[in-house]
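Remarks on the structure that follows.
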Amino acid sequence: MEQAPKSAFVIFGVTGDLTARKLMPALYQLHVEGVLHPETSIVGYARSQNDDTALRESMKKALKTYVKGFNVKAWESLAKRITYIQGTYDDVKGFKELAKHLEDLKQENRIFYTSTPPATYTGIVKGLAEAGLARSEGGFSRVVIEKPFGIDLETAKDLNIQVLEHFAEDQVYRIDHYLAKETAQNLSALRFANTLFEPIWNNKYIDHVQVTMTEPMGVEGRGSFYEEAGVIRDVFQNHLLQLLALVAMEPPSRYDAKSVRDEKVKVFSAMECLDLNHAVMGQYVAGNGMKGYRDEEGVNPRSRQATYAAATFKINNWRWADVPFYMRSGKRLGDKASEIVLRFKKPPHIPFDVPNSMISDRLVFRLVPNEGISFRFNAKEPGQHFKMDRVSMNFYYDKEFDRPAPDAYETLILDVMQGDATLFMRADEVEAQWRIVDPLLEQWEKSKKDPAFYSAGTPGPSQADEMLERAGRYWHKPGNGK
Ligand code: BG6
């Protein structure tokens, strides 16, 4: 793999959870693999009183917790390049100090990562600009913005205006880590590097598409964030819509930032979310020894916030007219799973004497667990009679390749260092995504209905099953090749 250029990687909010769980482990792995330039500097920036030694100690502790096979020697060679700057997010003083520090470090290529609450984003870009850090003379200056990017179309537009006042679009990297998951990328490989699938990838052969993301966790101490966000803003507007776009977009002429994002924007522009009659908004209550959402810290005891949703989307173009796209996701749903399922139509004529209920073929892309792709189809059972059974062709990542798939954050950090924005969201793209979910959010906020309650640790509200049953369909049970 090509080595990243020499740069300074500045993390705003370095004392937070995302740095400990994702950013630092990713930087460490890139360092171990020799992909990180040996003179990379990592600069932590946060409000609290801290110093280089204390930051290094807390990062070491995080790595010991989150990295398998932590190696002290490798750590020591990285640790000495980690430094700390204390400052606020709304006062230019801290940013000026940061600018001086970067000069002292002789780092002309700079990456600024906002691992902070969304309310700080505009202060950070303004502070960087005022301290002269948004300019890319003599080296590059790039800013990485974490999700959520706004809370609706209006706020996202506003944030884009504020960010783009100081940075050019090609300096801005809006992150959605789902795009860097191996299976998400493999979806494009399967579609565009093989001849077999593309001719049947349309409404003539595909009955419907399902995107599922289930999580066993609750809101994990993020009650007040979740009260604002809910499942639609937290994962539908970004992760799930992005996966859906990868399924639905037209083949790009090149796999680069402009071509891929142009195609995704086209799909988002043709997409609509059907109303609440074709959706289910749910919320977990106590069950299986776990507390209910309304009992979580920071949550209003009468909250109507959705911790689960199932919704129906349509794409109004020639390829996808009349093919429903169903999406569902929720917290406290038993096991962790993320997958995309394409259900094919039944053959137009079946010459065998088999029951009418014969199931049609299905292609499954699993992101978690058992990362891979499975095709499930009908085959003849052994014997003199002509009886059908269901069989699978499976591709499992860990069986085919002897190196583990990198964490999404490793891929994304390396991409920012190398200036490749293909897996990041463009301004118009993020706005197009809000345009799709905003009407559903508005309807839900206006309706006074209670959410569909489901017990923690179960597969979710039965209303979601009924939603598909009404259309003569059913949800795929995630988890394996079957
Ligand atoms: C985050 C959401 O973006 O994605 C979390 O804010 C969610 O609520 C997480 O748990 C899931 O990511 P992953 O990679 O663990 O599937």
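The values are calculated or read from the model by the stated rules, or taken from the named source; none is laboratory data. No experiment lies behind these values; they were computed from the predicted model shown. Positions of Cβ are backbone-derived with ideal geometry, glycine not excepted, and every protein chain shown enters the neighbour counts. Just the protein is used for accessible areas: all its heavy atoms, side chains included, with ligands, DNA and RNA removed. Shrake-Rupley method; radii C 1.70, N 1.55, O 1.52, S 1.80 Å.
Distance between the 7 Å Cα→Cβ label points at PHE225 and ASP91: 2.6 nm. When the surface is traced with a 1.4 Å probe over the full set of protein chains, ASP353 keeps roughly 150 Å² accessible. Pairs of Cα atoms nearer than 8 Å and 6+ residues apart set the relative contact order; for the stretch 8-146 it is 30 percent.
As a length-normalised measure over Cα pairs under 8 Å and 6 or more apart, the relative contact order of the stretch 96-195 settles at 27 percent. In this simple spin-label model, placing a label point 7 Å from the Cα along the Cα-to-Cβ direction at both SER392 and SER269 gives a separation of 4.0 nm.
Could you tell me the calculated FRET efficiency between ASP420 and ALA168, based on Cβ-Cβ distance and R0 = 22 angstrom, to the nearest 0.05? That pair, ASP420 with ALA168, gives E of 0.85.
For the chain, the longest principal axis of the C-alpha atoms and the axis of helix 427-446 are separated by about 60°.
Report in % the part of the accessible area of the stretch 92-200 that belongs to carbon and sulfur, leaving out ligands and nucleic acids; probe 1.4 Å.
About 53 percent, which is the carbon plus sulfur part of the accessible surface.
Axis of helix 408-418 versus longest Cα principal axis of the chain: the two differ by about 50°, to the nearest ten degrees.
For the stretch 8-146, what does the alpha-carbon gyration tensor say about shape, rounded, prolate or oblate, given a ≥ b ≥ c as the root eigenvalues, a/c under 1.5 as rounded, and a/b over b/c as prolate?
Details: a/c = 1.84, a/b = 1.46, b/c = 1.26.
It comes out prolate by the Cα gyration axes.
When you restrict to C-alpha pairs under 8 Å that are six or more residues apart and normalise by the size of the chain, the relative contact order lands at 17 percent.
Taking amide H atoms as placed 1.01 Å from N in the peptide plane, the amide H of ALA452 lies under 5 Å from those of MET281, GLY282, GLN283, each 5 or more residues away in sequence or on another chain. Projecting the Cα atoms of SER259, SER77, PHE395 onto the dipole axis of the chain, where Lys and Arg carry +1 and Asp and Glu carry -1 at the beta carbon, places PHE395 farthest toward the positive end. Summarising the amide proton neighbourhood of ALA8: residues at separation of 5 or more, or on other chains, whose placed amide H is nearer than 5 Å comprise SER41, ASN109, ARG110, ILE111. Amide H to amide H distances under 5 Å link MET388 with GLU381, where only residues 5 or more positions off or on other chains count and H is placed in the peptide plane. The length gained by stretching the chain between LYS446 and ALA405 to full extension, at 0.36 nm per residue less their Cα-Cα distance, is 10.4 nm.
For the stretch 195-281, a/c is not less than 1.5, where a ≥ b ≥ c are the root eigenvalues of the C-alpha gyration tensor, and a/b tops b/c. That puts it in the prolate class. In the chain, taking the dipole from charged Cβ atoms about the Cα centre, the farthest positive-side position among PHE225, GLY472, LEU196 is held by GLY472. Using heavy atoms of the protein chains and a probe of 1.4 Å, the accessible area assigned to HIS37 is about 40 Å². Given in Å, the Rg to one decimal and the Dmax to the nearest whole number for the Cα atoms of the chain are 23.7, 83. Largest first, the residues TYR66, TYR397, TYR45 sort by 1.4 Å accessible area into TYR66, TYR397, TYR45. The mean accessible area for residues of the stretch 8-146, using a 1.4 Å probe and ignoring ligands and nucleic acids, is 45 Å² per residue.
What size of dipole, in debye to the nearest 20, comes out for the chain about its Cα centre when the only charges are +1 on Lys and Arg C-beta atoms and -1 on Asp and Glu C-beta atoms? Before the final figure, lay out each step's value.
On the way: 63 positive and 66 negative charges, 217 e Å.
Charge dipole of the chain: 1040 debye, to the nearest 20.
With 0.36 nm allotted per residue and the present C-alpha distance subtracted, the ASP465-LEU105 stretch has 123.8 nm of extension available. Between the helical axis of 153-166 and the longest alpha-carbon principal axis of the chain there is an angle of about 30 degrees.
Estimated purely from DSSP H runs of n ≥ 4, each contributing -39500 (n - 2.57), the mean residue ellipticity at 222 nm for the chain is -9500 deg cm²/dmol once divided by its residues. Ligands, DNA and RNA excluded, the heavy atoms of THR422 present near 10 Å² of accessible surface to a 1.4 Å solvent probe.
Hey, which of these cross-link pairs are over 27 Å Cα-Cα: LYS126/LYS147; LYS204/LYS399; LYS157/LYS336? From LYS126/LYS147; LYS204/LYS399; LYS157/LYS336, over 27 Å: LYS204/LYS399; LYS157/LYS336.
About its Cα centre, the dipole of the stretch 391-482 is roughly 540 debye, where the only charges are +1 on Lys and Arg Cβ and -1 on Asp and Glu Cβ.
Where both partners of a DSSP beta bridge lie in the chain, what percent of those bridges are antiparallel, to the nearest 5?
Numbers: 42 of 75 bridges.
Roughly 55 percent of the DSSP beta bridges within the chain come out antiparallel.
Computed from point charges on the beta carbon alone (+1 for Lys and Arg, -1 for Asp and Glu), the dipole magnitude for the stretch 8-146 about its Cα centre is near 380 Debye.
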